[in-house]
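Engineer: There's a structure below that I have some questions on.
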Amino acid sequence: MGTGPVHEALSALELVDHHCHGVVTEDLDRTAFESLLTEGDVWPGSGISPFDSPVGIAVRRYCAPLLDLEPHAPADEYLARRAELGPDEVNRRFLAAAGTGVFCVDTGFAPHAITTPAELAGATGAIAHEVVRLETVAESVAARGVEPDGYADAFRAAALDAVRRPGVVGVKSVAAYRTGFDLDPARPSAAEVTRAARAWLARGGRLEDPVLTRELLWTAVDLGLPLQLHTGFGDNDIRLHRTDPALLTDWLHLTVGTIPVLLLHCWPYQRQAGYLAAVFERVYLDVGLTLHHVGPVRARAVLAEALEITPFRKLLYSSDAYGLAEFYGLGALAFRRGLGDLLQDRVDAGELGLPDALRLARWAGADNARRVYRLSDGH
Amino acid sequence: MGTGPVHEALSALELVDHHCHGVVTEDLDRTAFESLLTEGDVWPGSGISPFDSPVGIAVRRYCAPLLDLEPHAPADEYLARRAELGPDEVNRRFLAAAGTGVFCVDTGFAPHAITTPAELAGATGAIAHEVVRLETVAESVAARGVEPDGYADAFRAAALDAVRRPGVVGVKSVAAYRTGFDLDPARPSAAEVTRAARAWLARGGRLEDPVLTRELLWTAVDLGLPLQLHTGFGDNDIRLHRTDPALLTDWLHLTVGTIPVLLLHCWPYQRQAGYLAAVFERVYLDVGLTLHHVGPVRARAVLAEALEITPFRKLLYSSDAYGLAEFYGLGALAFRRGLGDLLQDRVDAGELGLPDALRLARWAGADNARRVYRLSDGH
Amino acid sequence: MGTGPVHEALSALELVDHHCHGVVTEDLDRTAFESLLTEGDVWPGSGISPFDSPVGIAVRRYCAPLLDLEPHAPADEYLARRAELGPDEVNRRFLAAAGTGVFCVDTGFAPHAITTPAELAGATGAIAHEVVRLETVAESVAARGVEPDGYADAFRAAALDAVRRPGVVGVKSVAAYRTGFDLDPARPSAAEVTRAARAWLARGGRLEDPVLTRELLWTAVDLGLPLQLHTGFGDNDIRLHRTDPALLTDWLHLTVGTIPVLLLHCWPYQRQAGYLAAVFERVYLDVGLTLHHVGPVRARAVLAEALEITPFRKLLYSSDAYGLAEFYGLGALAFRRGLGDLLQDRVDAGELGLPDALRLARWAGADNARRVYRLSDGH
């Protein structure tokens, strides 16, 4: 790992992780651990283990020492030691290593037994905020039962209730998973929404109707809070080419000047995201999720592309960690190291002044998120 | 900055800047300067300054010393010194630093008071040629008044008049901005053009009808001069995904063997542009605009991608500078340094012979443009 | 070239080239050689030679010494020496240099007089397997004459016959060239196939009907053998944006768990291919063709992107060499060196354990292909 004043400053900086999830609180056997280690599934009998992938290599390299093992410890040894320590101790170690001062937690995705935001933050004396996943709100409204022509109002009311809860600082949409972004950007009419709601309520299942997705995005505009949008890389529910954030341009034009829009993950469209951040005042981006999946070495390369034209006020840090405590630590490490190497090398080459580099690091690691989410000092 | 014979050769080479605009001749206050520094807008009250972006860092690093300031001078100091020197002196210094022998100037975009091509070139004893922006010609025809069924002939006549003026070496289209490239590639029928012209002439405004854009591109073929096409990165008028030059493939097949087509900017589609340059005889590319926006460090990375498969006869230099004299200097610096580092490192590693490297540098910096535009010696 | 244990292991490893073609057995004059050197055409009178491109530079750098010339020997000297040695000796030298133990040869593309798989492998004591190009089978069925309503059965029977020949280990489709991947993913109905076959059989020519392409891809599923799919970069028949493998996602969902799918070439969509390999159990990728076209220096960069999230069981080696013996040697060199540099640097930086690096290299260079194609030991 590189050294120098930028690295030192980033090491000392309490990060704001503006997008993450809860950590699993149960013991994890090998299958359960591997299924959380990958965006693919576990493929029994295939002979293909998620440990044999960049994220697996990164876990063995950087997480093993935090469990008192040698770097590159074999997977079996790693899992045995992890079981021996137990989830509370494992979670505490990795969360402490993350050095995160504030977590903004998406609470709308929880197929496992995971921490609440307060539990997540409490483990290390950090502060937790909540991000409301709007698809989850919509699906709760449908599950409770509603007439098609009352759906729009009921969803709006439920979303308002959700965001008025203490600690909520933003909303999130997984439209990328459900429909992709090649949508009609216009707000749908009430009649269109009713018609689409009728079909959905009859059919049941996840919200993945394009009209209702548009309604959801426009409701987010009305709510007035920062909107996080999953873009790019995810599991195989995604149609990757439909998650290119450039496809949002027409919608961004229609909603310009309303709410901050935070493009999450972005890979492999980090340059496209940077373009949007450069030309739309309220568009921001991170390369969370990607950072731990590609590992610290390539995190620098991905960050370098993400920063080619992005204004320095527009890059945020997130881990997008879910489930495994390792990802909070690894995401933070990959961010600190990738950005630190990139900036320090530019300082060393005379390309960038040190005060500028330190400011940029602080902005990306914490201050930009504080501005966007209007977090008060110490929050 | 690297050193070695390739760098020396590129430093000594008078560049042909095959695509640029005029430079502003007035004093620029902070807002005016910042608005020219970014492809986004200036966002008053946002706390987000274009100085806090890669291009702003590059200006402070590389342009400040040309104004007798230290590298990384603060923005306020930079602007104060710039005002003190006045636009004539500032422009002269940066244009001299560019070391450009020939400018091919797009004269069709001039929202500010800017230099004519002769004024631009005259400041440093360079030679100016003109590139006619066809959308501007079409909009002038519409503004003068024409019957819909006379539009096609009137546009063609006006375009012919425009390109017959002394010093005109090519034409340009901003179809990327207006419609994107996912167009029917076929030449539209006379009836289609008349119908589309009727609607446009009634509606007024910019030319952004797809049929009329196709007519414009086919008229360019008839004119027989090299055609510059904006592709990729630009301001927020762009739908980035619709500016991927690969979308032009069908049109390139229909027009193959007619005119040289020059793909401008290309980022983040520089690899796609390289593919087209590799498989179509008369397709060329540059990474202008990108070079100064990403700054010298990343210019090398972008050039490396642009050159992965591109034949060496196909890469040209442009600054795509508009407005700020800084961009002529910074574009030239980023090109010389990015290409110089890339080639010199390959020579040093034994990957490339020095004579080949020198030839490639000369071709990209000047000779390829001379060939495409049929510039005579010394022009 | 880098050195270290990973390089040594890769040098000693007999590669499995899971996708290549035959090598030309005739003398090649300059035009014939140049036309095989490029994915573009030869452009007589243009002054643009394929030697003046990255692949030309790589040939002069790395192939010239194998013909007893200095590195960077001029093209004329290179071609003269090549003619002097004659095709048998030239082919023998480059095939020996490739160090390939197994060739899987696509026999469906042979516009020149080229080696059979047995001749190709025999030159160096290697083993040859065959890959059946399904479009060629379909076009043979059409050429023999068939009724439209018998086409589907006749194609299936012919494909079955073809894959039952000894030595056949897989099938291949060039759907990317013919229609691109933005196809309806569903298996077409018998009536649709008959209708489309009627039109095609009346019209003649290549198979490029979307319905028949879908039929072909679904027949591949029924055949049960690994399916190679050209994706990304190729000659100007391609519409590059329609060859993004992400466009296959819906089809991959419909066929999940059936056959291994091998994404060939992929550039510039290697990250997209890596995503698919990470989230679909039976999706694999290579960056063949690209490796020799970009040359050894950029091969590392392309491999680094291809490996950002790709499970290490999913990367294969191929040269995609066709015609020029140089490409077998150059592809192998670029792979060994690109991957060797990438892995060795990570080992040296403590990012990756040496045993892991060696295993990963062996998997990508040979073992992954052996698994996918069920090649027995020594095959």
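Engineer: In Å² (nearest 100), what accessible area is buried between C and A, both sides summed, heavy protein atoms only, 1.4 Å probe?
Structural biologist: 3000 Å²
Engineer: State, to one decimal in nm², a quarter of the convex hull surface area for the C-alpha atoms of the stretch B:215-276, i.e. the direction-averaged projected area.
Structural biologist: Result: a mean projected hull area of 4.3 nm².
Engineer: What gaps in nm, shortest first, separate residue C:116 from its twins in the other copies when you place the label 7 Å past Cα toward the beta carbon?
Structural biologist: The projected label point of residue C:116 is separated from its counterparts by 7.5, 7.5 nm.
Engineer: If you count only protein heavy atoms and use a 1.4 Å probe, how large is the accessible surface of residue C:33, to the nearest 10 Å²?
Structural biologist: Around 0 Å² of this residue is reachable by solvent.
Engineer: On the protein heavy atoms, probe 1.4 angstrom, tell me the percent of accessible surface of the stretch C:253-379 carried by carbon and sulfur.
Structural biologist: Looking at the stretch C:253-379 in its full context, I get 49 percent from C and S.
Engineer: Further question on the same structure: Taking every pair of distinct Cα atoms and averaging 1/r, then inverting, what Kirkwood hydrodynamic radius in Å comes out for the stretch C:251-316?
Structural biologist: The Cα-based Kirkwood calculation yields 11.9 Å.
Engineer: Something else now. Give the whole-number value, in cubic angstrom per residue, of the convex hull volume spanned by the C-alpha atoms of the protein assembly as shown.
Structural biologist: Hull volume over Cα atoms, normalised by residue count, gives 168 Å³.
Engineer: Between residue A:168 and residues 5 or more places away or on another chain, which pairs have amide H atoms under 5 Å apart, with H built 1.01 Å from N, and which residues are they?
Structural biologist: A:130
Engineer: If the cut-off is a Cα-Cα distance under 26 Å, which lysines reach residue B:314, setting aside same-chain residues fewer than 8 apart in sequence?
Structural biologist: Leaving aside lysines fewer than 8 places away in the same chain, those within reach of residue B:314 are B:172.
Engineer: Nearest 500 deg cm²/dmol is fine: what mean residue ellipticity at 222 nm does chain A get from its DSSP H runs of n ≥ 4 alone, each adding -39,500 (n - 2.57), divided by its residue count?
Structural biologist: -14000 deg cm²/dmol
Engineer: Between residue B:199 and residue A:202, what is the FRET efficiency for a Förster distance of 56 Å, r being their Cβ-Cβ separation, to the nearest 0.05?
Structural biologist: Using R0 = 56 Å, I get an efficiency of 0.85.
Engineer: Along the positive direction of the dipole of the stretch C:1-118 (beta-carbon charges: Lys, Arg +1; Asp, Glu -1; about the Cα centre), which of C:28, C:73, C:12 reaches farthest?
Structural biologist: The residue sitting farthest along the positive end of the dipole is C:12.
Engineer: So how tilted is helix B:134-144 from the main axis of chain B? Cα-based, degrees 0 to 90, rounded to 10.
Structural biologist: Helix B:134-144 sits at roughly 50 degrees to that axis.
Engineer: I want the antiparallel fraction of DSSP beta bridges within chain C, as a percent rounded to 5.
Structural biologist: In chain C, DSSP labels about 5 percent of beta bridges as antiparallel.
Engineer: If you average over every viewing direction, what projected area does the convex hull of the Cα atoms of the stretch C:108-187 give, in nm²?
Structural biologist: The number I arrive at for the stretch C:108-187 is 7.0 nm².
Engineer: Ranked by accessible surface with a 1.4 Å probe, highest first, in what order do B:367, A:341 come?
Structural biologist: Order by accessible area, largest first: B:367, A:341.
Engineer: Can you tell me the orientation of helix A:270-279 relative to chain A, as the angle in degrees between its alpha-carbon axis and the longest Cα principal axis, to the nearest 10?
Structural biologist: 60 degrees
Engineer: Additional query: With +1 on each Lys and Arg Cβ and -1 on each Asp and Glu Cβ, and nothing else charged, work out how big the dipole of the stretch A:118-272 is about its Cα centre, in Debye to the nearest 20.
Structural biologist: Value, rounded to 20: 80 debye.
Engineer: Separate question: If each of residue B:348 and residue C:83 carries a label point 7 Å out from its Cα toward its Cβ, how far apart are those two points in nm?
Structural biologist: 4.0 nm
Engineer: What residue among A:31, A:231, A:255 has the largest mean-square fluctuation in a Gaussian network model of chain A, using Cα springs under 10 Å?
Structural biologist: Ranking A:31, A:231, A:255 by mean-square fluctuation puts A:31 first.
Engineer: Beyond 16 Å, what percent of the Cα pairs of the stretch B:1-65 remain?
Structural biologist: 65 percent
Engineer: How do A:346, C:374, C:198, B:271 rank by accessible surface area computed with a 1.4 Å probe, from largest to smallest?
Structural biologist: In descending accessible area the options line up as C:374, C:198, A:346, B:271.
Engineer: Compute the label-point distances linking residue A:205 to its equivalents in the other copies; points lie 7 Å from Cα along Cα→Cβ; give nm, one decimal, shortest first.
Structural biologist: When each copy's label point is compared with this one, the spacings are 3.9, 3.9 nm.
Engineer: Between residue C:147 and residue C:25, what FRET efficiency follows from the Cβ-Cβ distance if R0 is 35 Å, with the result rounded to 0.05?
Structural biologist: 0.35
Engineer: What whole-number value in cubic angstrom gives the convex hull volume per residue for the C-alpha atoms of the stretch B:118-256?
Structural biologist: Per residue, the Cα convex hull of the stretch B:118-256 comes to 125 Å³.
Engineer: Okay, next question. Based on Cβ point charges of +1 for Lys and Arg and -1 for Asp and Glu, what charge dipole magnitude is obtained for the stretch C:1-91 about its Cα centre, in debye rounded to the nearest 20?
Structural biologist: That gives the stretch C:1-91 a dipole magnitude of about 280 debye.
Engineer: Further question on the same structure: Throw me the Rg/Rh for the stretch A:40-87, computed over C-alpha atoms with Kirkwood Rh, two decimals.
Structural biologist: 1.00
Engineer: To the nearest 10 square angstrom, how much accessible area does residue B:20 have with a 1.4 angstrom probe?
Structural biologist: Estimated to the nearest 10 Å², residue B:20 gives 0 Å².
Engineer: Answer with one residue from C:273, B:255, C:230: the one whose Cα lies farthest towards the positive end of the charge dipole of the protein assembly as shown, charges on Cβ with Lys, Arg +1 and Asp, Glu -1.
Structural biologist: B:255
Engineer: I need the inter-copy label distances for residue B:362: point set 7 Å along Cα to C-beta, values in nm with one decimal, smallest first.
Structural biologist: 5.2, 5.2
Engineer: With viscosity set to 0.890 mPa s and temperature to 25 °C, compute the Stokes-Einstein D of chain C, Rh being the Kirkwood radius across alpha carbon pairs; µm²/s, no decimals.
Structural biologist: My calculation gives 116 µm²/s for D.
Engineer: Still on this structure: Quick one: what Rg and Dmax do you get for the stretch C:38-147 from the alpha carbons, in Å?
Structural biologist: 17.7, 59
Engineer: Right, next: Can you give me the distance in nm between label points at residue B:68 and residue B:191, each placed 7 Å from the Cα along the Cα-to-Cβ direction?
Structural biologist: According to this spin-label approximation, the distance is 7.1 nm.
Engineer: Would you mind checking the tilt of helix A:210-223 against the longest principal axis of the Cα atoms of chain A, expressed as 0 to 90 degrees and rounded to 10?
Structural biologist: So the helix axis and the longest Cα principal axis differ by about 80 degrees.
Engineer: Mind checking the dipole of the protein assembly as shown: about its Cα centre, +1 per Lys or Arg Cβ, -1 per Asp or Glu Cβ, Debye to the nearest 20?
Structural biologist: 720 debye
The values are calculated or read from the model by the stated rules, or taken from the named source; none is laboratory data. Note that the coordinates shown come from a computational prediction; the quantities given were computed from them, not determined experimentally. No Cβ is skipped: glycine too gets one built from the backbone with ideal geometry, and neighbour counts run over all protein chains shown. In case anyone asks, the SASA skips ligands and DNA or RNA and just uses the protein heavy atoms, side chains included. Shrake-Rupley method; radii C 1.70, N 1.55, O 1.52, S 1.80 Å.
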